[in-house]
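Novice: The structure is given below, and queries will be raised subsequently.
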Amino acid sequence: MENKFAERFDELLKEKNLSKRECARLCNISAQSVSDWTTGKIQPTAEMIYIVCKTLNESADFLLGLTEEEKKQNNYFFNIQNNYNK
């Protein structure tokens, strides 16, 4: 079975120019968890998928491979964080 989450999550981090460590900090999780998710070693829980989607402004359907269309969420926190880092 293909692991769309690992593939798309890794692509999303690259697209947003975020390191695994920075993503972990934003989501309040360990960098090792983020690394394991991007390699497909482990799968995130439903709660963690929710946190990642809200934090990184992406739909769960896209990250899980249920749709091919990216649907950005309106995420005030990520927009502020992203503007702050510029």
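Just so it is clear, none of the values below were taken in a lab; they were calculated from the coordinates. In this text, all values refer to a predicted model and were calculated from it rather than measured experimentally. Here Cβ is always computed from backbone atoms with ideal geometry, including for glycine, and neighbour counts include all displayed protein chains.
Novice: Loop only by DSSP, 10 or fewer other Cβ within 10 Å of the Cβ. Give me the GluC sites (Glu not before Pro) in the range 1-42 that pass, ordered by residue number. Write out the running numbers ahead of the final one.
Specialist: Numbers: sites: GLU2, GLU7, GLU11, GLU15, GLU22; in loops: GLU2.
Sparse-neighbourhood loop GluC sites (Glu not before Pro): GLU2.
Novice: Under the 0.36 nm per residue contour assumption, what length would be gained going from the current alpha-carbon distance of SER30 and GLU47 to full extension? Could you put the intermediate results ahead of the total?
Specialist: Numbers: separation 17, 0.36 × 17 = 6.12 nm, distance 1.47 nm.
Taking SER30 through GLU47 to full extension adds about 4.6 nm, to one decimal.
Novice: In debye, nearest 20: dipole of the range 4-67 around its Cα centre with unit charges on the Cβ of K, R (+) and D, E (-)?
Specialist: Working: 9 positive and 9 negative charges, 37 e Å.
Once rounded to the nearest 20, the dipole reads 180 debye.
Novice: In sequence order, what are the phi-derived ³J(HN,Hα) couplings for the range 51-59 according to the Karplus relation 6.51 cos²θ - 1.76 cosθ + 1.60 with θ = phi - 60°, rounded to whole Hz, with x for glycine and proline?
Specialist: 4, 4, 4, 5, 6, 9, 6, 9, 7
Novice: Hey, what did the range 4-67 get for relative contact order, percent, Cα under 8 Å, at least 6 apart? Intermediate values should be presented prior to the final figure.
Specialist: Working: 53 pairs, mean separation 24.4, N = 64.
Relative contact order of the range 4-67: 38 percent.
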